[in-house]
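**Student:** Below you'll find the structure I mean.
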Amino acid sequence: MTSISKPIPLVEPNLGGNAQRYLNECIETNFVSSIGPFVERFEREFAEFVGVKHAVACSSGTAAIHVAMRLLGVERGDLVAVSDFTFVASVNPIAYEGATPLLIDSEEQSWNMDPGLLADELRSRARRGLPLPTVVEVVHILGQPAQIEAIVEICDEYGIPIIEDASEALGATYTEGRYAGRQVGSIGQVGCFSFNGNKIITTGGGGMITTNDPALAARAKHLTTHARLPGIAYAHDEIGYNYRLTNIAAALGVAQLELLSGFLEAKRRLARSYDAALFGLGGLTLPPRPSWSDPSFWLYTVRLPAALDPRELAVALREAGIDARPVWPPIHTLPMFDTAPRRRGAIADDLFRTGLSLPSSTSLAEDEQRVVIDELRSRVADRVPRRAGP
Ligand SMILES: *Cc1c(COP(=O)(O)O)cnc(C)c1O
């Protein structure tokens, strides 16, 4: 087995391209803070990439989701339907507004919100005269597009707007149906993205709000900038936030955006190599590859056979210099949300019990990936005896 000279991270930023040049430009022109040409340029070029009319930059993905809640009128006491199986930052902004998450379990095809369960929940609430969610927040986890067409259909039936949390899935695309050719974050009323250090592109920290509605875009800009009215007077017409992205961060974003197509190619190539090397390995389940989408494989995540615990395996791999990570516990298991209403949760539980993300950096070298594959193969083979041949 080949050995490695330095630890292999789960996922690390891949800077380069024009990053240095654009950052120098910020320093040379003194535009380091929230005013400067890169913010607008980043918004314009991002909107173009995702295929939406408007993009509003902000300070984090969490801020983007929080603003999205405000844009769509989520208020104290409201319900917001959201995936149970997601990172906590999808759900915290619901609580910031005093609303309650209504947790919907995943389906097997994409590991995202199950449209059938959402439909059951909405129909049963409507039938019993119970309140319906103000918003449905669809999360595209791990670079996997959710079944948005079916979700749009059921939401349209009840007039419920959709927020897409596309933080982990920039570039993932639908290939079939009504939204063929469209990217995640371009379909719901509002899309949200993150540029945290571990995401597919990074600005150090940052986020983006996307929409095709000019009024929502204008209000998003307003809310992220203290809800300050134009003019020199400090006039504000509602409670806003300091959620601006700095020109420095946006400069990095513009440079990253120039590299994004290459990053997506690298992620998809990594996924194909992992697929080929791990296919058929004792009881291991590969990430979803539904016919209707082209995932971006932000994190390449497998489900382990029952004999292996992802937490134990992650510790063992860390000792071998490999950073692999168990996936998030379902939201319904967290103390802040364990009394939230929910529909099922068994698949989220199972994903947590079995899921392990493997190193997925766009800069991961072929020989490094080989090491990860060899280590994983030997550890799975140790625990799961090969079935005798035919
Ligand atoms: C990263 C992430 C966020 C939050 O983004 P930040 O920029 O870290 O605030 C939200 N939702 C999901 C699913 C994420 O993975």
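**Student:** Let me know the Kirkwood hydrodynamic radius for the range 1-106, please, with Cα pairs as the basis and the value in Å to one decimal.
**Tutor:** Result for the range 1-106, one decimal place: 17.6 Å.
**Student:** What's the FRET efficiency of Ile35 with Tyr96 using the Cβ-Cβ distance as r and R₀ = 30 Å, to the nearest 0.05?
**Tutor:** Once rounded, the FRET efficiency stands at 0.65.
**Student:** So what is the relative contact order of the range 228-372, in percent, for Cα pairs below 8 Å that sit 6 or more residues apart?
**Tutor:** 22
**Student:** 222 nm [θ] for the chain, helices only, -39500 (n - 2.57) per DSSP H run of 4+, per residue, to 500?
**Tutor:** -12000 deg cm²/dmol
**Student:** Helix by helix, which DSSP H runs in the chain go 18 Å or more along their axis at the Cα atoms and have an average Kyte-Doolittle hydropathy of 0.5 or more?
**Tutor:** none
**Student:** Estimate the FRET efficiency between Leu229 and Gln109 by the formula 1/(1 + (r/R0)^6), using the beta-carbon distance for r and 51 Å for R0, to the nearest 0.05.
**Tutor:** Efficiency computed from Cβ-Cβ geometry: 0.60.
**Student:** Under 18 Å Cα-Cα from Lys53, which lysines qualify once same-chain neighbours fewer than 8 residues away are excluded?
**Tutor:** Cross-link targets: Lys221.
**Student:** Between Val88 and Asp275, with labels modelled 7 Å along Cα→Cβ, what's the label distance in nm to one decimal, could you check?
**Tutor:** Rounded to a tenth, the inter-label distance reads 3.4 nm.
**Student:** Which of the peptides 362-375, 294-307 is most tightly packed, and how do the rest follow, judged by the mean count of other Cβ atoms within 10 Å per residue?
**Tutor:** Peptide ranking by packing, descending: 294-307, 362-375.
**Student:** Taking amide H atoms as placed 1.01 Å from N in the peptide plane, list the residues 5 or more away in sequence, or in a different chain, whose amide H sits under 5 Å from that of Val139.
**Tutor:** Answer set, sorted by chain and number: Ser83, Met113, Asp165.
**Student:** Pairs of Cα atoms under 8 Å, at least six residues apart: use those to get the relative contact order of the range 305-390, whole percent.
**Tutor:** Relative contact order for the range 305-390 comes out at 34 percent.
**Student:** Computed over the Cα atoms of the range 215-259, what is the ratio Rg over Rh, Rh following Kirkwood?
**Tutor:** The Rg/Rh ratio comes out at 1.12.
**Student:** Hey, what D do you get for the range 170-302 in µm²/s if you plug the Kirkwood alpha-carbon radius into Stokes-Einstein at 25 °C and 0.890 mPa s?
**Tutor:** D = 140 µm²/s.
**Student:** While we're on this one: Starting from the Cα of Glu153, step 7 Å along the direction of its Cβ; do the same at Ser261; then give the gap between the two resulting points in nm.
**Tutor:** 3.4
**Student:** Largest first and in whole Å, give the semi-axes of the chain's equivalent ellipsoid, each being the square root of 5 times a Cα gyration tensor eigenvalue.
**Tutor:** 35, 28, 17
**Student:** While we're on this one: Once both labels are modelled 7 Å past Cα along the beta-carbon direction, what's the Asp213-Lys6 spacing in nm?
**Tutor:** 4.7
**Student:** If contacts are Cα pairs under 8 angstrom and at least 6 residues apart, what is the relative contact order of the chain in percent?
**Tutor:** In percent, rounded to a whole number, it is 24.
**Student:** Quick one: putting +1 on the C-beta of Lys and Arg, -1 on the C-beta of Asp and Glu, what dipole do you get for the range 1-131 around its Cα centre, in Debye to the nearest 20?
**Tutor:** So the magnitude is around 220 debye.
**Student:** Over all directions, average the projected area of the Cα convex hull of the range 28-88 and note it in nm².
**Tutor:** 6.4
None of the figures in this text is laboratory data; all of them are computed from the coordinates on show. Keep in mind it's a predicted model, so treat the numbers as computed, not measured. Note: ideal-geometry Cβ built from the backbone for every residue, glycine included; neighbour counts use all protein chains shown.
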